[in-house]
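Here is the structure we will look at, set down as structure tokens.
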Amino acid sequence: MDNKLQLSPGVSGFRISNPPMLLVCSLQASLEIFKEATLKALRRKSILLTGYLEYMIKYYYSKDETETGKPVVDIITPSCIEDRGCQLTLAFSVPNKDIFQELQKRGVVCDKRDPNGIRVAPVPLYNSFHDVYKFINVLISVIGSVEKKRY
């Protein structure tokens, strides 16, 4: 017998009779969380978190005719709660490529949606209102630094 893994053909080859302990511990912990968190409670928190994110973005970055040159962030995801999940897709008046790179540098997990969107998703199972607040502060900083580079 050698020390090489020889899997059975097909899907059955990926079954392991004794799964590694660390994988089982993390699976058990996640199952306990899911047991406590009902779908109704998660959806309620999702609506509140995404609503808070939407409010903060509109507060800081909505179009203002009196302030020309102020960066604008448009929310292109439908504002109707029933028509969206926990994510908002944002479009920027400054190059979104630069915004995306700066967000990544600062540890923000989001994804770029071509041609000009960045999708942000406060996930109710593990994100908090404080996370949304911190994201807004990072976004303000990022947009400021991108604006400085442009001029």
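The values are calculated or read from the model by the stated rules, or taken from the named source; none is laboratory data. Predicted model only: the values in this text are computed from it and were never measured. For neighbour counting, all protein chains shown are included, and Cβ atoms are generated from backbone atoms with ideal geometry for every residue, glycine included. Each accessible area value is taken on the protein alone, full model and side chains, heavy atoms only, with ligands, DNA and RNA left out. Shrake-Rupley method; radii C 1.70, N 1.55, O 1.52, S 1.80 Å.
Below are the figures for this structure:
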{"item": "Region 94-110, subset modelled with pLDDT of 90 or more and basic (Lys, Arg), residue most open to solvent (accessible area, probe 1.4 Å)", "result": "LYS105"}
{"item": "Residue in region 10-21 that is over 16 Å from LEU125 (Cα atoms), part of a loop (DSSP other than H, G, I, E, B) and of a type in the set (D, E, K, R) present", "result": "yes"}
{"item": "Filtered residue count, region 27-56, keeping only those that are open to solvent by 70 Å² or more (accessible area, probe 1.4 Å) and of a type in the set (Gly, Ala, Ser)", "result": "0"}
{"item": "Qualifying positions in region 88-104 - part of a strand (DSSP E or B) and not polar (S, T, N, Q)", "result": "LEU88, LEU90, ALA91, PHE92"}
{"item": "Filtered residues of region 111-146 (kept if modelled with pLDDT under 90 and open to solvent by 80 Å² or more (accessible area, probe 1.4 Å))", "result": "ARG113, ASP114, PRO115, TYR126"}
{"item": "Residue check, TYR52 part of a helix (DSSP H, G or I), at pLDDT 85 or above, within 18 Å of ILE143 (Cα to Cα) and not aliphatic (A, V, I, L, M)", "result": "no"}
{"item": "Which listed residue is within 18 Å of the chain's Cα centre (by Cα), touching a residue at least 60 places away in the same chain (Cβ under 8 Å) and part of a loop (DSSP other than H, G, I, E, B), from PRO122, PRO78", "result": "PRO122"}
{"item": "Condition met for TYR59 (exposed (fewer than 10 other Cβ atoms within 10 Å of the Cβ) and either modelled with pLDDT of 80 or more or not in a helix (DSSP H, G or I) (or both))", "result": "yes"}
